[in-house]
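Written out below as structure tokens is the structure these notes cover.
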Amino acid sequence: MSFLSTAQMMFNAMTKPKQRIAIQEIPHGRVIDIGGGGEGVIARAGGAGVVAIDKYMSEIQEARERAADASWMVADAIELPCQSHSFDNATAFFSCMYMPSDVKEKVFRETRRVLKEGGEFWIWDTYMTPKRKAFAIRLQVDLPGNHTINTAYGVKAKDQSAASIGRLLQDTGFEPEIITNRKHWFLIKAKRV
Ligand SMILES: C[S@@+](CC[C@H](N)C(=O)[O-])C[C@H]1O[C@@H](n2cnc3c(N)ncnc32)[C@H](O)[C@@H]1O
């Protein structure tokens, strides 16, 4: 992304109202968190039960300091270095927005492979259109135990909605249900079928 696009993205983020997300729970058992670096939101909420995967060591280093109890792994989620059926559940917190559709599809198939029968994949993410070059969203995330994270995520804009992610989930062997549907973000819980 060029310097101009990055500057535009930062400006977009700063001028938008902050979206508030309360994470009351994360799925039980051994959980794989896809794209878990950056703020490490799910690792902070879930602690020792979470194995957080990220493509970039730099993103993991940033997050690991804040969630030392979780396990961390550098890997591209299109090819997870994990055994099939080895996780109870999976999560992705504002990671799909970083993936083009073809990558999302591969990541969903791979996530399904490592999930146990009946496991759930919880996805928090945002609505985006490619009308502008850059997209950004500002969040206040409330975690259990009165912890609050203030952050902003920005990417090259692409087409994404709860419906488009739901369709991809269906195509890759999940039964999705939209649990929360706000103007700027959504939570989908998808059951492995
Ligand atoms: C900026 S973070 C956003 C949120 C992050 N879950 C958190 O708690 O802050 C999105 C992460 O997804 C990661 N990511 C994107 N595509 C990925 C892929 N194919 N495999 C693994 N990680 C990926 C990025 O490296 C980035 O760290």
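Just a few scattered comments:
- Test result for G154, loosely packed, with under 14 Cβ neighbours inside 10 Å and at pLDDT below 95: no
- Test set (1) more than 23 Å from Q61 (Cβ to Cβ); (2) surrounded by fewer than 21 Cβ atoms within 10 Å (Cβ to Cβ); (3) within 15 Å of the ligand (Cβ to nearest atom) - C82 fails condition number: (1)
- Residues in the range 49-83 that are in a loop (DSSP other than H, G, I, E, B), under 24 Å from A190 (Cα atoms) and in contact with a strand residue (DSSP E or B) (Cβ under 9 Å, 6 or more places away or on another chain): K55, A70, A75, D76, A77, L80, P81, C82.
- Pairing residues of the range 90-118 that are more than 17 Å from K158 (Cα to Cα) and in a strand (DSSP E or B) with residues that are of a type in the set (G, A, S) and modelled with pLDDT of 95 or more, at Cβ distances under 7 Å and at least 6 apart in sequence or on separate chains, gives A90/G119; A92/G35; L115/A90.
- Residue-level analysis places G46 among those that are in a helix (DSSP H, G or I) and not charged (D, E, K, R).
- Filtered residue count, the range 11-66, keeping only those that are within 14 Å of the ligand (Cβ to nearest atom), within 22 Å of H147 (Cβ to Cβ) and of a type in the set (D, E, K, R): 9
The values are calculated or read from the model by the stated rules, or taken from the named source; none is laboratory data. Since we're looking at a predicted model, the values are computed, not measured. Counting neighbours? That spans all protein chains shown, and the Cβs are built from the backbone with ideal geometry, glycine included.
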